[in-house]
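A short reminder: the numbers here are calculations on the coordinates, not readings from a lab. Not measured: the values here are computed from a predicted model. Backbone-built Cβ (ideal geometry, glycine too); neighbour counts: all protein chains shown.
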Amino acid sequence: MKKFILAVSLLIGAAFLNNTKAQCDTIASICAKHIISTFVSDGQQYRSLLLNSEETAEFKTTFFGETTYRIAACSGTSDGNLIFNIYDQDRHLLFTNRDKKNAPYWDFKVKSTLETIIEGQLDANKNPGSGCAVILIGFKQK
């Protein structure tokens, strides 16, 4: 009986993980529409499963000086479900889309190379329940 319960548990877990991966793939595809042709993707898909609006996903990245970037942030099948904040390495807030009605992307240029922390959080006011947070980064080639 224990082997049967373990086998069922493993199957349920595998199905959940497969469904989560498929959900994140779909959201990443939707989010990619914000990395328009003037930007080149950095090739990364920053993903995290958030179970509620109190959880926060954290990603670290480096932005290189004299480069223009676009950050796209998505969760769910419509824009505006994900709040994202960008901090420098000392945790000074550089940008939040919360002040911009949860805009799904932001364009900016950095003067000098900068280590950053990007946080993503589901918007409790949008009632997304749980979801996959996806952050994509594109840059303009010189």
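Among the trypsin sites (Lys or Arg not before Pro) in the range 57-107, those located in a DSSP loop and surrounded by at most 15 other Cβ atoms within 10 Å of their own Cβ are Arg91, Lys101.
Going down the list Lys33/Lys111; Lys60/Lys140; Lys100/Lys142, which pairs span over 24 Å between their C-alpha atoms?
Numbers: Lys33/Lys111 27 Å; Lys60/Lys140 20 Å; Lys100/Lys142 28 Å.
Beyond 24 Å: Lys33/Lys111; Lys100/Lys142.
Amide H contacts of Thr67 (H built 1.01 Å from N, in plane; Pro and chain starts excluded): Val110 sit under 5 Å, all sequence-distant by 5 or more or on other chains. More than 20 angstrom separation, counting every C-alpha pair in the range 50-142; what % is that? Here the long-distance tail beyond 20 Å is 33 percent of all Cα pairs in the range 50-142.
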